[in-house]
Amino acid sequence: MGGDAAVSDALIRLSNLTIAYDRHPAVHHVSGTIAAGSLTAIAGPNGAGKSTLLKAIMGEIRPSEGHIEHRLQRTDFGYLPQAADINRRFPISVLDTVLLGAWRQAGAFSRVSGAKMQKAREAISAVGLEGFERRQIGSLSSGQLQRVLFARLLLQDAGVILLDEPFTAIDARTTRNLIDIIRRWHGDGRTIIAVLHDFEQIRAHFPQTLLIAREMIDWGPTATAMSAENLLKARAMAERWDEDADACAPAA
C-alpha cells in the first residue's frame, strides 16, 4: 500500500527515497509502505526507475537520500531478474539452475541433500518442465527459461518475492501459468512486488500499484493509481525528463 497504510501492516517502508547514478536521477523522493502479504505492481514509462527501485528494496543499491526500513534479511527475498540479465551461454543445466535457489540456506559449497534435490524436481514439474532437468539453459525458449526461474523461486521459498518484468517475451499460455503461481504465492501470505509493463495484467491481477515516473505519481488501489489522468501525468513527466538534472531536483 502507499503512504496511508497502517504502521502495523507495514513490512517495508520507503521514506523520501532518492536513488541516483553519478548524481543523475533514477528515483526521486518516493515515500510509502508495502504491507505484509500484499500483491503490488510497479508501473511507469521506460526509464522511470522501476527496476532500480526493486533492486534498492532488495538491498543491491544504496539510496542517495532517504531510507528503506524493514527487518528482513537478504535470504527473505526471492528475486527474479529481467531475462536480459541472465547469461544463457553459461553451461548450466535446468536442474542446477533451480538448485541455486537452495544455496542461500545450505551455503554455496555445501552438498545438496536428497530432500532438496527432490524438491527441485518437484518445482520443475510444477512449472511444466518435467523431463527438462538435464537440458542446458541456453537451449531453452524465453518462456521455458522464465519457468525455470520461477521454479528456482519455488525452491527458495522466500517470504518476499520481487519480480522484474516476469512476462516479457513469453507466450500467453506461459504467462497464465506463471500468474497462477503468483496467485498461489499470494494465497500463502507471501509479499509480492512486480515490475510490469502490461496495464491490463496489472488491473486484472494486482490489487495495489505504485505508478512512478522517477517521482511517485500515485500509490494505492490499482483502479485509482492507474487512472487515465495519472497515466497521462506519468507520460508527460517522462517527456520532460532532463537526463542532466541534479538528483535532488524534482521535475516541475
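The values are calculated or read from the model by the stated rules, or taken from the named source; none is laboratory data. Since the model is a prediction, treat every value here as computed from it, not as a measurement. Heads up, the Cβs are rebuilt from the backbone with ideal geometry, glycines too, and the neighbour counts pull from every protein chain shown.
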Filter segment 161-218 for residues that are part of a loop (DSSP other than H, G, I, E, B) and closer than 24 Å to Gly47 by Cβ and give the result.
Glu165, Pro166, Phe167, Thr168, Ala169, Ile170, Leu196, His197, Asp198, Phe206, Arg214
Of all the residues that make up segment 124-147, how many are surrounded by fewer than 23 Cβ atoms within 10 Å (Cβ to Cβ), without any contact (Cβ under 8 Å) to a residue 60 or more places away in the chain and aliphatic (A, V, I, L, M)?
4
Filter result (touching a helix residue (DSSP H, G or I) at 6+ places or on another chain (Cβ under 6 Å) and not charged (D, E, K, R)) within segment 146-157:
Val148, Phe150, Ala151, Leu154, Leu155, Gln156
Are any of the residues in segment 73-80 farther than 26 Å from Phe167 by Cβ, aromatic (Phe, Trp, Tyr) and either assigned to a strand (DSSP E or B) or in contact (Cβ under 8 Å) with a residue 60 or more places away in the chain (or both)?
no
Looking only at segment 81-119, filter to residues that are touching a strand residue (DSSP E or B) at 6+ places or on another chain (Cβ under 7 Å) and closer than 20 Å to Leu163 by Cα; which one of those is modelled with the lowest pLDDT?
Gln82
Under the condition of being in contact with a helix residue (DSSP H, G or I) (Cβ under 9 Å, 6 or more places away or on another chain) and of a type in the set (D, E, K, R), which residue from segment 199-238 is surrounded by the fewest Cβ atoms within 10 Å (Cβ to Cβ)?
Arg203
Only one of (1) in contact with an Asp or Glu (Cβ under 9 Å, 6 or more places away or on another chain); (2) part of a loop (DSSP other than H, G, I, E, B) is not met by Glu130, so which one is it?
(1)
